[in-house]
Amino acid sequence: MEPRKGWPQVAVAGLVMVGAVAARAQDVQTRRADLAEAATTLPSVVVRASADASAAGLLPAYPGRQVARGGRVGILGNVDQMSVPFSSTVYTNELIQDQQARGVGDVLQNDPTVRQARGFGNFQEVYFIRGFPTFSDDMAYNGLYGLLPRQFVATEFLERVEVFRGPTAFLNGAAPGGSGLGGALNLVPKRAPPGALSRATIGLETGGQTYIAADLARRLGPEQRLGLRLNVARRDGDTAVDREARELSVASLGIDWRGTAVRLSADIGHQDHRLRAPRPSVTPSGVVPEAPDAVRNFAQSWTTSNGRDTFGTVRAEVDLSDTTTAWFGAGLRSGREANDLANPTVTNAQGAMSAFRFVNTREDSVRTGEIGARTTFATGAVRHTVTASAAMFAFETRNAFAFSNFGGFAGNLYQPFDVAPPPTTAFVGGVLAAPGVTQRTDTRSIALADTLGLFDERLLLTVGARQQQIEDRSYDPTTGADTGRYDASRVTPVAGAVWRFTPTLSAYGNYVEGLVRGDVAPAVSGGNAVVNAGQVFAPYRTRQQEVGLKFDAGRVGFGAALFQIARPTGYVENNVFGVFGEQRNRGLELTAYGEPWRGTRVLGGLTLLDTELTATQGGANNGKRAIGVPAAQANVGVEWDVPGDSGITLLGRVVHTGSQYADAANTLSVPAWTRLDIGARALVNVGSRLLTLRARIDNVTNENYWASVGGFPGAGYLVLGMPRTVFVTATADF
């Protein structure tokens, strides 16, 4: 086996860091005191960072500063988690920085209710929430769908990552990509803080990957009403996987202006993400192969995956009176992808595999927006918060593709070798250099909600409904001919209740629904003509019932949730296509977070999932578990500040995922896995500057394991976990 590239360089960098800590740590406590004294001299009226042009701004961080006290709950806005009948966790920028998270998937490694997977045949991030996938292109950016890069989102754009558990068709509208039935992700952009910020970071990763970034912010003008924040970053070099390389360029500018009754914000961002010889997913055929050495790369050297996206948003909020506020938001995205891939299928335990080449180009165009208003009033002893909203989303994609011979070329999982790239002439659709329109999707919705506060607001009731219309059209990539149309609408309700026993203990329950576009009956199935070919089915609704408890002990918080989600599925039976099937997921979620003792922070929890296919074609798989959903998954993260004046923090995290199935018949079982991550950071005075040194080692014991199964409905492909990977960064504020 080849030695790991870059390991000596990273080890040397780690030793340099330790030496710097030992040499410089003696002045840290003095520097902390100086910063605290400076903070006390700030004016009594300060501008708080606001990601959505709202008067309230972001909710404060919880003790430990790894999570926030609440976040965006769809059209209901930013709400304290103790006052909403839903389960969510909001991860802060401080956690993102301290863990050196590169993308959204790295942040979600802390969440016991989420597991990361991969898209079908590509390198798109997919997140399983409550056993159902949420595609990365169905994440929201400040409440709007489809604006961020489709396959990977760099954390340099983000102030917070908000995880909402449960269907969100009412709160956010139907996710346009057809996922999000078990939960949603909202990503919050950065804003200029009250004081000036000039921050630079450099870093190194196993394999020789280098990193450099700058984060600059200022507040200007009278009363510092105008805020500007610029972020730029660059990653370049090999990764911890043999022969795999990555380039990432990121730039974003956030602007906000805060008047007395009017608040405005805008963002513009650009990301260019390029992968060379990226390790592909593996489809098992008849057998689940033993996971190979995690450092091994079985990709062909000529494979690539490139994506470039530019996006922008604007948002405004206006106080119409002391009790009524209106808002407007809109955004655009233009994206282009180019891929040259070869994803193998493994056919025996010895690792024999076959693959064919797939080349495609894709261009996306997204327009989205929303308007709304919120007002508060009282009817007797009942306080009302009424919200009304209207939203639209328009998506157009252009696509072209070409395949090599489907007979494929041979390879071996455990002894990979390169082959010459085969010609892609077996099956061609469109022109790669000028792809044609293949899909247009338009959604429109209106929503109305009322949150009622009774008994001095100890009881909070939320009721509402959203009327959603989904229109989808598809076209032949070569001829441009119309190949199918879909236009249907559905009303999705919500009902939730919170009872606050005390200010620190809440019980809640909810009924919510998810919504995705329905199927169109195929022309042929299993070689037989389908009687109702072309029939358009109504949007699929996912129904959830949930009850839970939330407890805030002051410095540590706990959550517990019991839920059930049922999702209909379609298939052909007796030559007729219909929505005959169903998948039912039940679960228990336990979460904990905070700083139970000063200098010790905890974050994690446990999820138990019981998934069942309750109705399948011919009943063949009734009672089986769903593909890619483990029965148990757990995360435990701990940070500990070394006592005294050392300025050193040690951290560790354990991630466990139970066994999963790679086929609907449950004959292909993928073993459970457990991974240990460790790290450290130190505050060091270098002259008059405060330097933050961080080091992290993921998979410190270098386990070989299949990290995920599937991610696309009905598919059971496998993704190999990353090998031991070291990250070292140094951050200085100027």
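At a glance:
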quantity	calculated
Arg199 vs. criteria more than 30 Å from Leu718 (Cβ to Cβ), in contact (Cβ under 8 Å) with a residue 24 or more places away in the chain and among the charged types (D, E, K, R)	yes
Some residue of segment 546-554 being among the small types (Gly, Ala, Ser), open to solvent by less than 20 Å² (accessible area, probe 1.4 Å) and either in contact with a Phe, Trp or Tyr (Cβ under 9 Å, 6 or more places away or on another chain) or within 30 Å of Asp98 (Cβ to Cβ) (or both)	yes
Scan of segment 512-528 for residues that are surrounded by fewer than 17 Cβ atoms within 10 Å (Cβ to Cβ) and farther than 24 Å from Arg473 by Cβ, ordered by number	Gly526, Gly527, Asn528
In segment 706-734, residue farthest from Leu668 (Cα to Cα) [restricted to those that are open to solvent by less than 20 Å² (accessible area, probe 1.4 Å) and assigned to a loop (DSSP other than H, G, I, E, B)]	Pro723
Failed condition for Val262, given (1) open to solvent by 30 Å² or more (accessible area, probe 1.4 Å); (2) closer than 27 Å to Ala117 by Cβ; (3) among the hydrophobic types (A, V, I, L, M, F, W, C)	(2)
Flag for Leu253 being surrounded by fewer than 23 Cβ atoms within 10 Å (Cβ to Cβ) and without any contact (Cβ under 8 Å) to a residue 40 or more places away in the chain	yes
Residue within segment 172-190 that is in contact with a strand residue (DSSP E or B) (Cβ under 7 Å, 6 or more places away or on another chain), closer than 21 Å to Gln81 by Cα and assigned to a helix (DSSP H, G or I) present	yes
So Thr667, is it closer than 30 Å to Glu290 by Cα and free of Cβ contacts under 8 Å to residues at least 12 places away in the same chain	yes
Pick from segment 618-630, criterion surrounded by fewer than 17 Cβ atoms within 10 Å (Cβ to Cβ) and touching a strand residue (DSSP E or B) at 6+ places or on another chain (Cβ under 9 Å), ranking: farthest from Asp111 (Cα to Cα)	Gly618
Residue satisfying all of: in segment 457-493; farther than 27 Å from Ala521 by Cα and assigned to a loop (DSSP other than H, G, I, E, B); least open to solvent (accessible area, probe 1.4 Å) among these	Glu457
Filter pass, Val437 being more than 30 Å from Gly554 (Cα to Cα), assigned to a strand (DSSP E or B) and open to solvent by 40 Å² or more (accessible area, probe 1.4 Å)	no
Conditions (1) farther than 30 Å from Val512 by Cβ; (2) not in a loop (DSSP other than H, G, I, E, B): number failed by Arg263	(1)
Matching residues in segment 494-507 - criterion: being among the hydrophobic types (A, V, I, L, M, F, W, C) and open to solvent by 40 Å² or more (accessible area, probe 1.4 Å)	Ala495, Trp499, Phe501, Leu505
Filtered residue count, segment 93-148, keeping only those that are under 24 Å from Tyr62 (Cβ atoms) and aromatic (Phe, Trp, Tyr)	2
Cβ-Cβ under 7 Å pairs, at least 6 apart or on other chains, segment 71-93 side closer than 19 Å to Thr502 by Cβ, far side hydrophobic (A, V, I, L, M, F, W, C) and buried (at least 23 other Cβ atoms within 10 Å of the Cβ)	Val79/Val73; Ser83/Leu460; Ser83/Val498; Val84/Val73; Val84/Val498; Pro85/Val498
Residue within segment 422-430 that is surrounded by fewer than 17 Cβ atoms within 10 Å (Cβ to Cβ), assigned to a strand (DSSP E or B) and not small (Gly, Ala, Ser) present	yes
One residue from Glu223, Glu247 being farther than 24 Å from Gly103 by Cβ and open to solvent by 60 Å² or more (accessible area, probe 1.4 Å)	Glu223
Candidate set: segment 191-206, residues that are assigned to a strand (DSSP E or B) and among the aliphatic types (A, V, I, L, M); chosen: the one most open to solvent (accessible area, probe 1.4 Å)	Ile202
Complete set of residues in segment 293-346 that are outside any strand (DSSP E or B) and surrounded by fewer than 17 Cβ atoms within 10 Å (Cβ to Cβ)	Asp293, Ser301, Trp302, Leu320, Ser321, Asp322, Thr323
Residue that is among the hydrophobic types (A, V, I, L, M, F, W, C), open to solvent by 10 Å² or more (accessible area, probe 1.4 Å) and assigned to a strand (DSSP E or B), where the choices are Phe120, Phe128	Phe128
Enumeration of residues in segment 682-701 that are open to solvent by less than 30 Å² (accessible area, probe 1.4 Å) and modelled with pLDDT of 95 or more	Ala682, Thr692, Leu693, Arg694, Ala695, Arg696, Asp698, Asn699
Criterion: within 31 Å of the chain's Cα centre (by Cα) and within 25 Å of Asp482 (Cβ to Cβ) - qualifying residue of Val516, Val524, Val512	Val516
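Results for (1) part of a helix (DSSP H, G or I); (2) open to solvent by 10 Å² or more (accessible area, probe 1.4 Å), shown as yes or no for each residue.
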| position | (1), (2) |
| --- | --- |
| Ser54 | no, yes |
| Ile75 | yes, no |
| Pro85 | no, no |
| Leu95 | yes, no |
| Gln100 | no, yes |
| Gly105 | yes, no |
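This table checks each residue for (1) surrounded by 15 or more Cβ atoms within 10 Å (Cβ to Cβ); (2) touching a residue at least 40 places away in the same chain (Cβ under 8 Å); (3) in contact with a strand residue (DSSP E or B) (Cβ under 7 Å, 6 or more places away or on another chain); (4) not in a strand (DSSP E or B).
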{"position": "Ala394", "(1), (2), (3), (4)": "yes, yes, yes, no"}
{"position": "Thr397", "(1), (2), (3), (4)": "yes, yes, yes, no"}
{"position": "Phe406", "(1), (2), (3), (4)": "no, yes, no, yes"}
{"position": "Ala410", "(1), (2), (3), (4)": "no, yes, yes, no"}
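The values are calculated or read from the model by the stated rules, or taken from the named source; none is laboratory data. This one's a predicted model, so the numbers in the text were calculated from it and none came from an experiment. Every residue, glycine as well, gets a Cβ built from its backbone with ideal geometry; the counts of neighbours run over all protein chains shown. Ligands, DNA and RNA are stripped out before the accessible areas are found, and what is left, the full protein with its side chains, is counted by its heavy atoms. Shrake-Rupley method; radii C 1.70, N 1.55, O 1.52, S 1.80 Å.
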